[in-house]
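Data first, discussion second: the structure below is written as structure tokens.
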């Protein structure tokens, strides 16, 4: 009888990940998994460790402990194979500002060794979908933040990576592009093979889009699961994600106290 | 709110500028290891070190000039094959010194202006409740702080050095010259920076536009090169000076008296020996006075202009071409190494600092190639000049090699998330250095092919040196990459990372020089043997340096 095929590793596995900057811990023993066909939302306040986690996934930050595996490849020890499988949209628009979007996409397609015809076809479709035609040959330095964000999204989708890593991807986007992005992401994972790791602090977006969410607070995962699972653990069955988030991070009282204090002044 | 308040504010802004220049956080670099509290003091220290390096270099040049001035009567007949009176020789030396002062300060400005513009320190101040005068003063002071040590060095050391060599009056007489040199360099840096923002940075992509951008950049680089070229063209300058003084007073000499910085450089000779020290006719004295007054007024005007223009340049929006829908959407996909090279060339075409590094060796070759057509130049002289031009371009391309790695700072963190191996990255940069070397050599060959008797020797020389240029670049860029990865910080521009850039360039320059030394020491015995041994030396170096890159991991 033939041996059963080894199970395919998940798009992303984070195992007891710790990240420190100098003496300051940013992420503490974080474990999570992005499964095939899943959009995993990473929620947290400012400085909760979302971006640090994402940077370790894309190989920018070396973990102080634990490890990250992208389809079984460690971004630290097997960086090229891990990065080939990732499409990344950073939190801030960090691009080669002297290049035009066309030149930037040509560089990305060349580094990723994409076939010319395929990249042209996909590039054209994405540029048209995100309405970048007028800015296609303008230097990135002259573009608005929203347009830069669109260029980054197009670059991340150009090679149709099996894992999309998106750090606050809807920042700066206009309502049309936000809607487009949400629909693209929903369809992107529909084939049941790809995964998306998505960081945001917009509860509404996470609620609409994510199959599961993880709530980070001071570098620690306070809660994880689908909306249904998280509601089951909440005090009210109809709690919104915002209420669940504030409950898990124990910020509800803090917010009330802050508002009261502001009213007094 | 007076200057004192503006100075205090400029200190805060300059600290931010130093931090961004060193760590490039705005370009997306992540926090390096070590204590975050140490970042600001470390950035401050590194910028001061870099400024001290530039200042030290200027001081050394000044002291060298001072030694030449002290021993003019002894040196001039030994250095030059024609008679040149000591006061004229002194004026020539000081012309060279002031030209180099302008060149170094201007070059420093080219390196750091992009940091000033991209750091965003000036726009951050705008929404604060500060009046226009204070904002203008703060901007001007931040700009001056970029140059303070080097400028103060030339303003203080030059009069002392000249005074020591030629007397107190001569020391005082050089003051207008150094003031004008410093002011012009600061103004030129700003003018070229403004030009960059208005015409180059926002230019559209595409073939025609690329050609236009490079044309702009060549026009823009030529004056800066003109100053650098003074070193290359110094023998021709002194020869021309001798010819002009032999026929002086003449219209030619009067025209020379109008050309910056000669009139200001002549003042110490006049101060030390009176107007009879120079071959000035009655008209010449008037021309000298008029030129001096004119340049001093221009320098004062430039200083006033710089005071107001820094803020305008810092806040100026990028000049963008009229938006137009793209006509084609096809992407040109090439190999990863070539893509690094093409990306660097595209970035350089909109970044004058990098364009300057690429164009300098090429323009240097062009100047030396044209020099072979100078009247009286023999075929043998043309051959020597041609080989000298190749030598110079090999060394210049090698010296600037590490600076090309600084392009990666522009999107450092994003670039590191792409599946781009260190090898590919370094080989792309090596290809750029090699390209500069070959284009420079091609320019010389194109110019001198009719002037030299044996083009095969020239081509053999270029090819024999080629492995050494590759070896030197591999060594330098491999070392830079290791350092950048180990320290977790991108190698920044030559200004902010001067120590790194210079220290890493030294082994590279040695590697590039060894085959050249082998050739020149054996050439007299047998040219073909010299070429053969030169090639062997270069190949051995290539074999030795390749493991620096290929002996390590792929990521």
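So is residue B:406 within 14 Å of another protein chain (Cβ to nearest Cβ) and buried (at least 24 other Cβ atoms within 10 Å of the Cβ) or not?
Answer is yes for this residue.
Only one of these conditions is not met by residue B:395: (1) in a helix (DSSP H, G or I); (2) closer than 18 Å to residue B:481 by Cα. Which number is it?
(2)
Could you grab the pairs with beta carbons closer than 8 Å, sequence gap of 6+ or different chains, first residue in segment B:34-47 and more than 14 Å from every other protein chain (Cβ to nearest Cβ) and in contact (Cβ under 8 Å) with a residue 40 or more places away in the chain, second one assigned to a loop (DSSP other than H, G, I, E, B) and surrounded by 13 or more Cβ atoms within 10 Å (Cβ to Cβ)?
Here the result reads B:46/B:496; B:46/B:497; B:47/B:496, each pair linking segment B:34-47 to a residue that is assigned to a loop (DSSP other than H, G, I, E, B) and surrounded by 13 or more Cβ atoms within 10 Å (Cβ to Cβ).
Looking at segment B:510-537, I want the residues that are touching a residue at least 40 places away in the same chain (Cβ under 8 Å) and have a partner that is outside any helix (DSSP H, G or I) and crowded, with 16+ Cβ neighbours inside 10 Å with Cβ atoms under 9 Å, at least 6 apart or on another chain. Which pairs are those?
As it stands, the answer is B:531/B:523, since those pairs meet every condition given.
From the list B:357, B:331, pick out the single residue that is assigned to a helix (DSSP H, G or I) and buried (at least 22 other Cβ atoms within 10 Å of the Cβ).
B:357
Of the residues in segment A:67-100, how many are more than 7 Å from chain B (Cβ to nearest Cβ) and closer than 15 Å to residue A:147 by Cβ?
2
I'd like to know if segment B:456-469 contains one or more residues that are buried (at least 24 other Cβ atoms within 10 Å of the Cβ), closer than 26 Å to residue B:338 by Cβ and within 22 Å of the chain's Cα centre (by Cα).
Yes, segment B:456-469 has at least one match.
Exactly one of these conditions fails for residue B:496: (1) modelled with pLDDT under 90; (2) more than 26 Å from residue B:54 (Cβ to Cβ). Give me its number.
(2)
Identify all residues within segment A:224-249 that are closer than 17 Å to residue A:39 by Cβ and not in a helix (DSSP H, G or I); write none if there are none.
A:224, A:225, A:226
When segment B:12-29 is examined, which residues are found to be buried (at least 18 other Cβ atoms within 10 Å of the Cβ) and either within 26 Å of residue A:59 (Cα to Cα) or at pLDDT below 75 (or both)?
Correct list: B:19, B:20, B:21, B:22, B:23, B:24, B:27, B:28, B:29.
If the requirement is being away from every other protein chain (no Cβ under 14 Å), modelled with pLDDT of 85 or more and within 20 Å of the chain's Cα centre (by Cα), which of these qualifies: B:63, B:67, B:9, B:58?
B:58
Hey, can you tell me all the residues within segment B:330-342 that are facing chain A (nearest Cβ under 7 Å) and touching a residue at least 24 places away in the same chain (Cβ under 8 Å)?
B:336, B:339
Given A:89, A:70, which one is over 22 Å from residue A:206 (Cα atoms) and either surrounded by 24 or more Cβ atoms within 10 Å (Cβ to Cβ) or modelled with pLDDT under 95 (or both)?
A:70
All but one of (1) in contact with a helix residue (DSSP H, G or I) (Cβ under 7 Å, 6 or more places away or on another chain); (2) more than 7 Å from every other protein chain (Cβ to nearest Cβ); (3) in a helix (DSSP H, G or I) hold for residue A:103; which doesn't?
With respect to (1) in contact with a helix residue (DSSP H, G or I) (Cβ under 7 Å, 6 or more places away or on another chain); (2) more than 7 Å from every other protein chain (Cβ to nearest Cβ); (3) in a helix (DSSP H, G or I), residue A:103 is out only on (2).
Select from segment B:409-430 the residues that are under 19 Å from residue B:471 (Cα atoms) and under 21 Å from the mean Cα position of the chain (by Cα) and write down the one among them that is farthest from the other protein chains (Cβ to nearest Cβ).
B:430
Tell me which residues, restricted to segment A:135-151, are closer than 22 Å to residue A:180 by Cα and at the interface with chain B (Cβ under 8 Å from one of its Cβ atoms).
A:135, A:136
Kindly indicate which of A:169, A:175 is under 18 Å from the mean Cα position of the chain (by Cα) and either farther than 22 Å from residue A:58 by Cα or in the same structural domain as residue A:16 (by TED's automatic domain parsing) (or both).
Only one candidate qualifies: A:169.
Test of understanding: among A:110, A:45, which residue is surrounded by 21 or more Cβ atoms within 10 Å (Cβ to Cβ) and either more than 7 Å from every other protein chain (Cβ to nearest Cβ) or closer than 26 Å to residue A:147 by Cα (or both)?
Among A:110, A:45, only A:110 is surrounded by 21 or more Cβ atoms within 10 Å (Cβ to Cβ) and either more than 7 Å from every other protein chain (Cβ to nearest Cβ) or closer than 26 Å to residue A:147 by Cα (or both).
The values are calculated or read from the model by the stated rules, or taken from the named source; none is laboratory data. Remember, predicted model here, so these are calculated numbers, not experimental data. Using ideal geometry, Cβ is built from the backbone for each residue, glycine included, and neighbour counts are taken over all protein chains shown.
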